[in-house]
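One structure is given below, encoded as structure tokens.
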């Protein structure tokens, strides 16, 4: 949805100048745009090949051409380890091929389909589902949060006791008895010294 | 000089590339295109990496688009991949959807039909023409890389060109 909206905006707002954004449709060169694609390919997809023709008169290739122009940078950004190759003017019909790990391939005939339809189709067939992506996003957040402890799991600190100014580790310096929940709950607070 | 980091894509077990002219005898040089992201410009730029791949079927020629696969146990240090599949044979491109031989945006059948409508005679006929490759050493010099020549020797090497 985002990229179709952006296409509309681009067509309407021609007066506005983006200073360092040189080239055709420089909105494609923003991190927000590159991150906006829903297509994260499944791990077994290693190569994505797009075959299309550049001739403007071939209307049935328009969707594929738009896909390459607007969406391919997004796909490559989200999938840096997938080899993406384009073949121009080879065959009369446009198609997309996905090569999988086990040497099999999936062929998508994208004749007369719009780039949005192509994108949706790819997400449905070879893309990770939205739920899976959300789970992975959560998991990666937990990994990168510096506030987490446990050296064994890869974080920097093993315990708050190693930070200066905090209560030292009870291995080294025993904690005052009246700070302990055990002392409190066993009724020692009612004892007279 | 900082060490250039090898792109993660090139470590994949399968890659797509085009066979490029080389002087190798038992293997082919495959040029693999890949995109590298420039962090400042936020754009992808085309890079090429060449791999040396052996050809188990011995059918591939220069100009073919092939899928190469990493060899698990390397016999020779230089040959890292082998050609597992030919995607498009140079000059005899087959459309994977229709299965017909294709030239650009037309099929061979369509081209023949157009020729017949125009009444053309003596045109190149794909069906009756001999197998590709018969002019390999005599008039087709694409199998080995060419170089510029600066001196006329007695024996003329066709791979040296003057332009």
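The values are calculated or read from the model by the stated rules, or taken from the named source; none is laboratory data. Note that the coordinates shown come from a computational prediction; the quantities given were computed from them, not determined experimentally. In this analysis, Cβ positions are derived from the backbone assuming ideal geometry, glycine residues included, and neighbour counts consider all displayed protein chains.
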Note: among A:91, A:86, just one is within 10 Å of chain B (Cβ to nearest Cβ), modelled with pLDDT of 95 or more and touching a strand residue (DSSP E or B) at 6+ places or on another chain (Cβ under 9 Å), namely A:86
Going by what's in this entry, would residue B:60 be described as within 13 Å of the chain's Cα centre (by Cα), within 24 Å of residue A:50 (Cβ to Cβ) and surrounded by 13 or more Cβ atoms within 10 Å (Cβ to Cβ)? yes
Out of the residues in region A:130-152 meeting the condition of being more than 21 Å from the chain's Cα centre (by Cα) and surrounded by 10 or more Cβ atoms within 10 Å (Cβ to Cβ), tell me which one is nearest to residue A:37 (Cα to Cα). A:148
Looking at region B:1-42 only, could you name the residues that are within 14 Å of another protein chain (Cβ to nearest Cβ) and farther than 24 Å from residue A:98 by Cβ? B:5, B:38, B:39, B:40, B:41, B:42
Looking only at region A:61-80, filter to residues that are touching a residue at least 12 places away in the same chain (Cβ under 8 Å) and at the interface with another protein chain (Cβ under 10 Å from one of its Cβ atoms); which one of those is farthest from residue B:16 (Cα to Cα)? A:61
Working only within region A:24-55, note down all residues that are in contact with a helix residue (DSSP H, G or I) (Cβ under 8 Å, 6 or more places away or on another chain), assigned to a loop (DSSP other than H, G, I, E, B) and either more than 9 Å from chain B (Cβ to nearest Cβ) or under 23 Å from residue A:79 (Cβ atoms) (or both). A:25, A:36, A:37, A:38, A:39, A:40, A:42, A:54
Considering (1) closer than 17 Å to residue B:91 by Cα; (2) in contact (Cβ under 8 Å) with a residue 60 or more places away in the chain; (3) touching a strand residue (DSSP E or B) at 6+ places or on another chain (Cβ under 8 Å), say which one residue B:143 fails and leave the rest. (3)
Which residues, taken from region B:84-136, are within 14 Å of chain A (Cβ to nearest Cβ), surrounded by fewer than 16 Cβ atoms within 10 Å (Cβ to Cβ) and over 30 Å from residue A:103 (Cβ atoms)? B:106, B:109, B:110, B:113, B:114
Failed condition for residue A:117, given (1) touching a residue at least 40 places away in the same chain (Cβ under 8 Å); (2) surrounded by 12 or more Cβ atoms within 10 Å (Cβ to Cβ); (3) part of a loop (DSSP other than H, G, I, E, B), with all others met? (3)
On the basis of being within 14 Å of chain B (Cβ to nearest Cβ), in a loop (DSSP other than H, G, I, E, B) and within 20 Å of the chain's Cα centre (by Cα), does residue A:103 make the cut? no
Report whether or not residue B:93 is touching a helix residue (DSSP H, G or I) at 6+ places or on another chain (Cβ under 8 Å), under 27 Å from residue A:106 (Cβ atoms) and at pLDDT below 95. no
Taking the condition of being in a strand (DSSP E or B) and under 20 Å from the mean Cα position of the chain (by Cα), how many residues in region B:1-51 meet it? 22
Within the group B:32, B:9, B:16, which residue is touching a helix residue (DSSP H, G or I) at 6+ places or on another chain (Cβ under 8 Å) and under 22 Å from residue B:86 (Cβ atoms)? B:32
